[in-house]
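The values are calculated or read from the model by the stated rules, or taken from the named source; none is laboratory data. Quantities reported herein were computed from a predicted structural model and do not represent experimental measurements. We place every Cβ from the backbone using ideal geometry, glycine too, and count neighbours over all the protein chains shown.
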2 protein chains.
Amino acid sequence: MSCPGRGPIEERVLEAIRPTEIQLRLLSRAYDLIRRALERSLAAHGLDFVIEPEGSFAKGTLLRDRWEMDVFVLFKGVDERWVLSESLGPLREALQGFPVISKFSEHPYLTVSLMGMEIDVVPAIYAERPSTGLGVGRTPFHTRYVRSKLDNCMADEVRLLKSFLKGIGAYGAETHVRGFSGYMAELLTIAYGSFRAAVKAMSEWTRRVFVDPERIGNREELERRYPESPLIVVDPVDPMRNAAAAVSEDKLALAVLASKLYLHRPSLSFFHAFADRVELRQRPPVIVIVCNGKYYEEPPEGVWGRLSRASRMLAKELEAWGFTPLKASYFTDEGSLAAIGVSLASDRLEGLEVLRGPDAWTDVENIRAFIGKRLEEGGLWIGDRLYGFRGRRLTEAGSVARSWLAAHSKLLGDTCRAVSISGGDLSGIPGPLREWLWKEFYTVPSWLAGL
Amino acid sequence: MSCPGRGPIEERVLEAIRPTEIQLRLLSRAYDLIRRALERSLAAHGLDFVIEPEGSFAKGTLLRDRWEMDVFVLFKGVDERWVLSESLGPLREALQGFPVISKFSEHPYLTVSLMGMEIDVVPAIYAERPSTGLGVGRTPFHTRYVRSKLDNCMADEVRLLKSFLKGIGAYGAETHVRGFSGYMAELLTIAYGSFRAAVKAMSEWTRRVFVDPERIGNREELERRYPESPLIVVDPVDPMRNAAAAVSEDKLALAVLASKLYLHRPSLSFFHAFADRVELRQRPPVIVIVCNGKYYEEPPEGVWGRLSRASRMLAKELEAWGFTPLKASYFTDEGSLAAIGVSLASDRLEGLEVLRGPDAWTDVENIRAFIGKRLEEGGLWIGDRLYGFRGRRLTEAGSVARSWLAAHSKLLGDTCRAVSISGGDLSGIPGPLREWLWKEFYTVPSWLAGL
């Protein structure tokens, strides 16, 4: 198959990311099995329903490394309450021959894990038009819309954009990522016409972007509804909805940066199947807090969110003590291991610390208190206000981290410890965390380095 | 003599700062000698003139440690040009029996140095009302105004305020001080009624103060004319003039701060005759640049101004390299020695330095250049923009000072050297500079410490 406008890089990427014939056949086979099991059992309950495949498998935009599929069971003549609280019973019964885990995000669903494949079975209400209720009600309409727009060439263009967004670290609408969803990759490809055209457009994006694939949106009204969104993409199945509401300004900027660099010099390293890391010349000291806990008992979103918050708090604490944080990061295997890390310009501070005092306009008691404390501890001078200095109380970043940890044990769990890493020596760190530390603090992605 | 409203502290201060009977008699004697010499000779030239004593001697507000006097020769029937270029000849001729130096500030004048006394002989035009020309033309009117307002008690109140302003370091209208002149001390005492009342009022001053001793000023108009002045004091002899135009916000704030502390606990240490220093517990490292030059050949104002500028530049340079300057100071003996100094939280830096790079909205060439440089030198990461880090190039404050000095030798003279002082060891410093360093960097005034 040859499609217009692609360069050799993109053709080479597609060879690596397009699902294989066997993969698609296996997934289709699994779909048939599940569908038949559902149909048989649910019909026996006297329920009225339609079964549909959804998501990237159904839309033909699946990537080779994803062995996954969504199967929606659209019930007729039921209400939302029934779906939320009653629907899982009949579904679980129908799938009792399969290995099933039940999950819950915005709505209840089941996951069938079959020979490495993950098949999400999602109950929803059958609707003639996009529901204004649960987000899941829009999914069938998204699937139909995208299918109607994509031929094989365009499906591959979507795959390129997904792989690009994944490769640069901007893929995923989860709260701890706040990047671009798969549907977003599809809409942008449709709106701009191809992967290359989308990258070109993204490279010219500003801090506030409006994209309307079907030209049906009211920009003013949407900007009023989504004042915090740097990117508004009008949902073709619901013109009052910003399909890009999850995208943060940081991830928008990342996409713009990477697009500029890709256009400047296209390379395999921008795509997820080829993503690699380049080692930095300097290894900054890193303070790591390593924790053990039962993280598998919580929703992953919650754990990631807590870690993200904790990493920012630790960086702020270190900064308040006079250190210079470079980068903060966090990681969990979603099992029993979690960690946060902050790299620093230096993990030791020498000398005195400066204290800003009151100015002349403050009341005399404040002024006296400051003068008294500073003379007791170190020194004092008058500039545009009073200033003082004293010998630093905590000069090791590790000590700051330990005392911060003592005050915030609840945030991460009780079995945490602080580790100071100097010169990139990761020997004190549990194995699964080493790759995370190496990637986050001692390397950059090769797409950023390959200029 | 007993005057109302004074405490024992103020009485004790006055005993130390009031000129002695002998001092006043000697000054009067000197005045008579000079006056007679001037009268004889100038009359012989056929000039028409009046001789008047001016300044604090004439106003009765002299301090004991000042052996000085101003003698004005007010010529009638001459113009400004004549005063500026012709008047010094006849004056010098009249005073040829005395040791005379000629000086020039805004106008030409002669200084007679007689047995430790300094008598400035100033030519000016005789005027019926305050001249709008040279500032010196207003002096006789200032003298007359202040004399008309002060009895002996009030003159002592002025002495207290002068001594207070001197003691806290806010006295002097010179450009490198930007504080309160003697005339200002007189006007504030007159406006508020006593030293204590003036200090009380000052302790309640805000960032923008308006004082009008004779209630003749137009506040709106004066604020329009002097938009930068934090303090406006209407000149009683010229209502359109702000007599406090020299006062900076820093010196205003200093006066407010000291007034608050004095009211809280009055003490001798606030007054110049009793000013002392208290040693700090910590001795921060200090970078000093010591220079030799012919500073006596320049107007002192110019030298002080240059040193002030240089000290601020050096502090900024050190800050730009990552150091934390505490306090900057400067000193000259107005002869052949000058110096600037900056104290620091630490005179050594460890670790990496952080470099802020372009954001995603910048053009790709800037982005590429930054990425390339940072990967070459150290490290890189993406936050809200690109950031980089690298090993510091200058880690010793002394090295920064030396390279700054090499680039700015013109500012201070060619024979300068940078000295790093650690732990208060002043052995590498020429004697006359040691007291300055000790005072500025290792001590605070005892009025600030005595709480």
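Among the residues of segment B:337-357, which ones are part of a strand (DSSP E or B) and either more than 7 Å from chain A (Cβ to nearest Cβ) or aliphatic (A, V, I, L, M) (or both)? Even if it seems obvious, please write down each step before you answer.
Filtering segment B:337-357 for residues part of a strand (DSSP E or B) gives B:337-344, B:348, B:352-356.
Hits for segment B:337-357 are B:337, B:338, B:339, B:340, B:341, B:342, B:343, B:344, B:352, B:354, B:355, B:356.
Across segment A:406-423, what is the total count of residues that are out of contact with any Lys or Arg (no Cβ under 8 Å at 6 or more places or on another chain) and among the hydrophobic types (A, V, I, L, M, F, W, C)? Don't jump to the end; show me each part of the working.
From segment A:406-423, those out of contact with any Lys or Arg (no Cβ under 8 Å at 6 or more places or on another chain) are A:406-410, A:413-417, A:419-422; that's our starting set.
Cutting the leftovers down to among the hydrophobic types (A, V, I, L, M, F, W, C) gives us A:406-407, A:416, A:419, A:421.
Here the count works out to 5.
Can residue B:420 be described as surrounded by fewer than 17 Cβ atoms within 10 Å (Cβ to Cβ), more than 11 Å from chain A (Cβ to nearest Cβ) and among the hydroxyl-bearing types (Ser, Thr, Tyr)?
Spelling it out, it is not the case that residue B:420 is surrounded by fewer than 17 Cβ atoms within 10 Å (Cβ to Cβ), more than 11 Å from chain A (Cβ to nearest Cβ) and among the hydroxyl-bearing types (Ser, Thr, Tyr).
Residues to consider are B:413, B:378, B:357, B:383; find the one that is modelled with pLDDT of 95 or more and either of a type in the set (Gly, Ala, Ser) or touching an Asp or Glu at 6+ places or on another chain (Cβ under 9 Å) (or both).
Just one listed residue meets the conditions, B:357.
Looking at A:158, A:136, A:122, A:199 in this structure, which one is touching a strand residue (DSSP E or B) at 6+ places or on another chain (Cβ under 7 Å) and not assigned by TED's automatic domain parsing to the domain that holds residue A:86?
Residue meeting the stated conditions: A:136.
Do we find a residue being under 20 Å from residue B:140 (Cα atoms) and more than 14 Å from chain A (Cβ to nearest Cβ) anywhere in segment B:219-233?
Within segment B:219-233, one or more residues are under 20 Å from residue B:140 (Cα atoms) and more than 14 Å from chain A (Cβ to nearest Cβ).
How many residues does segment B:387-404 contain that are in contact with a strand residue (DSSP E or B) (Cβ under 7 Å, 6 or more places away or on another chain) and surrounded by 20 or more Cβ atoms within 10 Å (Cβ to Cβ)?
So the answer is 4.
Taking residue A:297, is it surrounded by fewer than 16 Cβ atoms within 10 Å (Cβ to Cβ) and either more than 10 Å from chain B (Cβ to nearest Cβ) or closer than 30 Å to residue B:324 by Cβ (or both)?
It is true that residue A:297 is surrounded by fewer than 16 Cβ atoms within 10 Å (Cβ to Cβ) and either more than 10 Å from chain B (Cβ to nearest Cβ) or closer than 30 Å to residue B:324 by Cβ (or both).
Please go through segment A:143-165 and pick out each residue that is under 21 Å from residue A:272 (Cα atoms) and either touching a helix residue (DSSP H, G or I) at 6+ places or on another chain (Cβ under 8 Å) or not in a helix (DSSP H, G or I) (or both).
A:154, A:155, A:156, A:157, A:158, A:159, A:160, A:161, A:162, A:163, A:164, A:165
Considering segment B:142-186 alone, what residues qualify as being of a type in the set (Asp, Glu) and more than 14 Å from the chain's Cα centre (by Cα)?
B:151, B:156, B:157, B:186, listed by residue number.
In segment B:242-269, what residues are away from chain A (no Cβ under 14 Å) and touching a residue at least 40 places away in the same chain (Cβ under 8 Å)? Give the steps one after another, and end with the answer.
Here is the first cut: in segment B:242-269, the ones away from chain A (no Cβ under 14 Å) are B:242-246, B:268.
Result: B:243, B:244, B:246, B:268.
If you check B:373, B:410, which single one turns out to be surrounded by 14 or more Cβ atoms within 10 Å (Cβ to Cβ), more than 7 Å from chain A (Cβ to nearest Cβ) and basic (Lys, Arg)?
Residue meeting the stated conditions: B:373.
Kindly establish whether residue A:100 is at pLDDT 90 or above and touching a helix residue (DSSP H, G or I) at 6+ places or on another chain (Cβ under 7 Å).
It is false that residue A:100 is at pLDDT 90 or above and touching a helix residue (DSSP H, G or I) at 6+ places or on another chain (Cβ under 7 Å).
Looking at segment B:190-218 only, could you name the residues that are more than 30 Å from residue B:305 (Cα to Cα) and not hydrophobic (A, V, I, L, M, F, W, C)?
Passing the criteria: B:192, B:193, B:194, B:196, B:200, B:204, B:212, B:213, B:214, B:215, B:217, B:218.
Is it the case, given these coordinates, that residue A:236 is free of Cβ contacts under 8 Å to residues at least 40 places away in the same chain, surrounded by 17 or more Cβ atoms within 10 Å (Cβ to Cβ) and farther than 18 Å from residue B:360 by Cβ?
The answer is no for residue A:236.
I'd like to check something: does segment A:301-324 contain any residue that is over 17 Å from residue A:415 (Cα atoms), surrounded by 16 or more Cβ atoms within 10 Å (Cβ to Cβ), within 7 Å of another protein chain (Cβ to nearest Cβ) and not aromatic (Phe, Trp, Tyr)?
Looking for residues that are over 17 Å from residue A:415 (Cα atoms), surrounded by 16 or more Cβ atoms within 10 Å (Cβ to Cβ), within 7 Å of another protein chain (Cβ to nearest Cβ) and not aromatic (Phe, Trp, Tyr), one finds at least one in segment A:301-324, hence yes.
Out of curiosity, is residue B:78 under 18 Å from residue B:31 (Cβ atoms) and modelled with pLDDT under 95?
Numbers: under 18 Å from residue B:31 (Cβ atoms): no; modelled with pLDDT under 95: yes.
No.
If you check B:122, B:100, B:158, B:146, which single one turns out to be surrounded by 23 or more Cβ atoms within 10 Å (Cβ to Cβ) and farther than 30 Å from residue B:3 by Cβ? Please lay out each step first, then the result.
Details: B:100 fails: surrounded by 23 or more Cβ atoms within 10 Å (Cβ to Cβ); B:158 fails: farther than 30 Å from residue B:3 by Cβ; B:146 fails: farther than 30 Å from residue B:3 by Cβ.
Only one candidate passes the filter, namely B:122.
So, in segment A:209-225, how many residues would count as being farther than 15 Å from residue A:246 by Cα, among the charged types (D, E, K, R) and either out of contact with any helix residue (DSSP H, G or I) (no Cβ under 8 Å at 6 or more places or on another chain) or touching a residue at least 60 places away in the same chain (Cβ under 8 Å) (or both)?
Summing the residues that are farther than 15 Å from residue A:246 by Cα, among the charged types (D, E, K, R) and either out of contact with any helix residue (DSSP H, G or I) (no Cβ under 8 Å at 6 or more places or on another chain) or touching a residue at least 60 places away in the same chain (Cβ under 8 Å) (or both) in segment A:209-225 gives 6.
For segment B:17-122, please list each of the strands (runs of 3 or more DSSP E) lying entirely inside it that holds at least 3 residues being within 25 Å of residue B:156 (Cα to Cα) and not aliphatic (A, V, I, L, M).
Once the strands (runs of 3 or more DSSP E) in segment B:17-122 are filtered for at least 3 residues that are within 25 Å of residue B:156 (Cα to Cα) and not aliphatic (A, V, I, L, M), what remains is B:49-54, B:68-75.
Which one is farthest from residue B:163 (Cα to Cα) among residues in segment B:203-215 that are surrounded by 18 or more Cβ atoms within 10 Å (Cβ to Cβ) and facing chain A (nearest Cβ under 10 Å)?
B:205
Can you tell me which residues in segment B:84-101 are over 20 Å from residue B:46 (Cβ atoms) and without any contact (Cβ under 8 Å) to a residue 24 or more places away in the chain?
B:99, B:100, B:101
Just give me the residues in segment A:367-394 being in contact with a helix residue (DSSP H, G or I) (Cβ under 9 Å, 6 or more places away or on another chain) and among the aliphatic types (A, V, I, L, M), in sequence order.
The answer is A:367, A:371, A:375, A:380, A:382, A:386, A:394.
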